[in-house]
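Worksheet: one structure, shown below.
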Amino acid sequence: MEVSSQLRGLTITKSSNALLLKNTGKKDLTLSVELAGSKALSVPEKYRTLKIKANGYARIPYRFGKMNIGWPIALNGRHTAAIRLWSKDPKSKKKVLIANTIVETRSPIFVTELHCMETTEQEQHAMKGNSPPVITMRAVKPGTSVPKNTGEVELSWEITGADVMEDYITSPDAEVLEPGSFTAGGGWECSPHVTPPSNSYIYTPGPTITQTLHARNADGEVYEHETIYYTASVGYHNARCPAGGTIHTDELGTIRSFLEDIEARLRSNALADLPEFVEDWNRTIEERIERGELPDRARDFMFPEFDDMDYLSGRVGTGSLADDILSAMENVLIYIKPYTLPRGYRPGTLPADRHALCDDGVYGMTFHSSRHPDCNWVSVCLDSDADALTLLHELYHYATGSGDEHKAFAVSCCCFDFLAPEHW
């Protein structure tokens, strides 16, 4: 596909591997090329400076090369970069930006480290304004401290330092939306009314509600809210996603297709090839290092010996990992929007040293509690190009309760026949 634009007497046509330039001005034009964004983008050195005669043509070939060494977390990620064209102002002699053209490609996403398993119940901190009042809200499984915002939820709050305290409840116009549409909190709403400084109630499964608190004193005011979500079926057994007007039908379809893809691969006994796959992975790294194609540090991404390989590679129907994943994914709760995650895991409620879903490098997260399995969930960031490989990685953690990232990478890559060291 070609895209054309015209800037400052320069026409730029973008193709899949080159920028085609035409100088439509009356004077010769000298340009320098600067690259930004993905480090995989390259332009041959001889095209880094161009002189285009009046009404003349030039081209800038570009390519996305090998990706960085690392662990694969998605197969079809978007890599974006920019080609910037600079010229000198004839009067001031200063560099002037003539064009900033965005180019992109799709290829696997690699990460150098990953810690996506959550087993600790995050503390639910108070939300503070510039001065009092202070509102503290908690949403947990009734009778526990486990964060939860679907199904049956105990919602409680405390307000301190306020002269005026109000609360009200809203729900969305629609739980699941058509592609391209959006909703506002207008399904129903109760008028603000005076609330006590502390309160709690148990919400039984029903439509999505948002409980909002408002507190005010002479120094200022503060708002805080908590949403309890209705869960929508993705169309695969009882797998579901939080709804509440945050999710679209095509997104549910995407998650369903991921689950169906994973099931087909597991039932085809793809994991029976895991011992050979791990050997091929490690051998490929060693051979490429010996040929000088990879640095010695590539050994950091070799798999260790797995002491439970019989379980990991067992065929379906033998009590294997494949059986456990297939069983677990039938009832999995999958978050795909970071702001819908339970309190303590979503943006704005995390400690400063932690990253939320969809932050740079966070493609998926899993929460697992052996004592409260009804509170377990996985999350994948579709906006960051998470795909079925990402979801299977998280399902390994979800089904086993193990935080072993090496095994999660090995299992997901083997199922998807992706020998990553060949692509570094």
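The values are calculated or read from the model by the stated rules, or taken from the named source; none is laboratory data. Computed from a predicted structure; not experimentally measured. FYI the Cβ positions are ideal-geometry reconstructions off the backbone, even for glycines, and counts take in every protein chain you see. Only protein heavy atoms, including side chains, enter the accessible area calculation; ligands, DNA and RNA are left aside. Shrake-Rupley method; radii C 1.70, N 1.55, O 1.52, S 1.80 Å.
A 1.4 Å probe over all protein chains sorts 406, 393, 355, 115 by accessible area into 115, 355, 406, 393, starting with the largest. The angle between the Cα long axis of helix 388-400 and the longest principal axis of the Cα atoms of the chain comes to about 40 degrees, rounded to the nearest 10.
Protein heavy-atom accessible surface, 1.4 Å probe, per residue over the chain: 48 Å². Database note for the chain: Cys without another Cys beta carbon under 4.7 angstrom, 116, 190, 241, 375, 413, 414, 415. Shape summary of the range 296-357, radius of gyration then Dmax from alpha carbon positions: 18.0, 45 Å.
Residue 252 exposes around 20 Å² of accessible area when a 1.4 Å probe is run over every protein chain in place. Within the chain, the longest run free of exposed loop sites, counting GluC sites (Glu not before Pro) that sit outside DSSP helix and strand states (H, G, I, E, B) and have at most 10 other Cβ atoms within 10 Å, spans 114-304. Put a dot 7 Å past the Cα of residue 308, heading toward its Cβ, do the same for residue 291, and the two dots end up 3.6 nm apart.
Across the range 245-376, the convex hull enclosing all Cα atoms gives 184 Å³ per residue. Of the residues 134, 194, ranked by 1.4 Å probe accessible area with the largest first, the sequence reads 194, 134.
Here residue 402 and residue 158 are evaluated by their C-beta separation; at R0 = 41 Å the FRET efficiency comes out at 0.65.
Checking the cross-link pairs 14/94; 337/407; 26/94; 141/407 against a 24 Å limit on the alpha carbon distance flags 14/94; 337/407; 141/407 as lying beyond it.
Near the amide H of residue 19, within less than 5 Å, lie the amide hydrogens of 60, 62, all on another chain or at least 5 residues away, with H placed in the peptide plane. Taking only protein heavy atoms and a 1.4 Å probe, the accessible area of the chain is 47% carbon and sulfur. Remark on the range 11-103: Rg and Dmax equal 15.3, 52 Å (Cα only).
For the chain, the mean residue ellipticity at 222 nm estimated from helices alone is -5500 deg cm²/dmol, where every DSSP H run of n ≥ 4 contributes -39500 (n - 2.57) and the total is divided by all residues, rounded to the nearest 500. Modelled label positions at residue 374 and residue 204, each set 7 Å beyond Cα in the direction of Cβ, lie 1.3 nm from each other. Calculated on the alpha-carbon coordinates, the convex hull of the range 203-274 measures out at 149 cubic angstrom per residue. Report the normalised scattering of the range 334-424 as log10 I(q)/I(0) at q = 0.19, 0.22 Å⁻¹, calculated by the Debye formula with identical scatterers on the alpha carbons. Reported log10 I(q)/I(0), two decimals: -0.92, -1.16.
When the C-alpha to C-alpha distance is required to be over 19 Å, the pairs from 51/93; 53/88; 39/88; 39/95 that qualify are 39/88; 39/95.
Taking label positions 7 Å along the Cα-Cβ direction at both residue 93 and residue 250, the computed distance is 5.3 nm, reported to one decimal. Compactness check for the range 144-255: Cα Rg over 2.2 N^0.38 Å is 1.23. The listed residues 145, 181 rank as 145, 181 when sorted by accessible area, largest first, using a 1.4 Å probe. The figure for residue 381 is an accessible area of roughly 0 square angstrom, using a 1.4 Å probe on the protein chains alone. Rounded to the nearest angstrom and listed largest first, the equivalent-ellipsoid semi-axes of the chain from its Cα gyration tensor are 44, 35, 19. Close amide H partners of residue 10, meaning residues 5 or more places away or on another chain with modelled amide H under 5 Å apart, are 24.
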